[in-house]
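Just so it is clear, none of the values below were taken in a lab; they were calculated from the coordinates. Keep in mind the model is a prediction, meaning the values are calculated, not measured. Please note: Cβ atoms are built from the backbone with ideal geometry, for glycine as well, and neighbour counts cover all protein chains shown.
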Amino acid sequence: MLIRCMGLSRPRTPWRVLQEVKAALTPAAWAYLNRALREGSPRPPSTPGLPDLSIGPLPHRSQQTRHPFTASQLHELQPISFHIAPQKYLYTLTLHLLHAHTVVSRPDTKWRDLLPPLEGEQPWWASLYSTLVPRPVGDINWRLLHGAVSTGVFLTRFTPIPDTCPFCNVRETLAHVYLECARLQPLFWLLTNILLRFWLHFSLHLFIYTLPIRGPTKSRDLLVNLLLALAKTAIYKTREGRLANEASCDCRAVF
Ligand SMILES: [Zn+2]
């Protein structure tokens with residue numbers, strides 16, 4: 001029967017395999033086999049299976065003040081069975097637990113103070129990446145929404161770079177670089193014209209927080225988010241170019 005299961009017509013091959021296995025057995029293995037053949041096959045000890053373990057964050061007990069719009073996701077994670085926990089769940093849990101004390105008291109984005117969201121508005125993190133947006137562009141926009149991009153005000157604390165805008169010499173804050181600098185006006189006019197073709201009104205809120213992607217207007221939303229992402233990337237790159245004394249520093253032309 002074993003020979004049929006192995007798809008073999010003659011017993012010669014399994015016989016030779018069996019001889020080689022027997023030749024390789026140690027005396028202790030022979031003794032075990034002989035005892036098993038004499039006394040019957042030993043049964044495995046009846047041990048219970050693994051206990052049903054749950055994994056999840058402990059209730060928040062820190063005295064640290066929790067920001068209402070914290071970037072921490074611990075409050076969203078419900079305990080689930082460890083056996084079926086998806087890889088992404090375990091990664092998020094580990095990451096947010098390791099940085100819990102740093103993250104919990106901070107807002108998810110600095111723009112909440114610089115450009116307070118209107119009613120019903122929020123940063124649409126998921127809109128930053130899509131099949132249309134190249135990964136490096138998405139990464140720059142993700143950092144920008146976090147406020148994690150270089151500015152003169154920040155850099156001057158560590159480097160001899162002045163804290164002023166390389167285009168207009170005004171103090172270079174995050175809001176100045178991406179919203180207020182006079183050099184951005186031609187780019188914003190262009191975006192206003194383009195978005196009107198989609199029956200959308202360009203605003204600084206839309207520029208920073210992007211559009212939520214909704215089913216009925218999905219194609220338009222994806223395209224508009226791509227344009228906004230490329231515009232912010234053009235601002236980012238032309239600023240870097242200016243600091244490196246490169247020729248093309250017109251963000252509208254680069255966009
Ligand atoms: Zn400026």
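Using the Cα gyration tensor of the range 100-252, with a ≥ b ≥ c the square roots of its eigenvalues, what is the shape: rounded (a/c below 1.5), prolate (a/b larger than b/c) or oblate (neither)? Oblate shape, in that a/c is at least 1.5 and b/c is the bigger or equal ratio. In order along the range 75-83, the phi-based Karplus estimate (6.51 cos²θ - 1.76 cosθ + 1.60, θ = phi - 60°) of 3J(HN,Hα) comes to 5, 8, 8, 8, x, 9, 5, 4, 5 Hz; Gly and Pro are listed as x. Once the Cβ-Cβ distance of ALA24 and HIS83 is raised to the sixth power relative to R0 = 30 Å, the FRET efficiency obtained is 0.20. Protection proxy ranking for 125-131, 81-87, using the average of other Cβ atoms within 10 Å per residue and placing the highest first: 125-131, 81-87. Each peptide in 226-239, 165-178 was scored by the mean count of other Cβ atoms within 10 Å over its residues; highest first, the order is 226-239, 165-178. Taking amide H as placed 1.01 Å from N in the peptide plane, ARG171 has its amide H under 5 Å from the amide H of CYS165, each at least 5 places away in sequence or on another chain. Assign one of three labels to the chain, namely rounded, prolate or oblate, based on the Cα gyration tensor with a ≥ b ≥ c the square roots of its eigenvalues; rounded applies when a/c is under 1.5, prolate when it is not and a/b is larger than b/c, and oblate otherwise. In terms of gyration-tensor shape, prolate.
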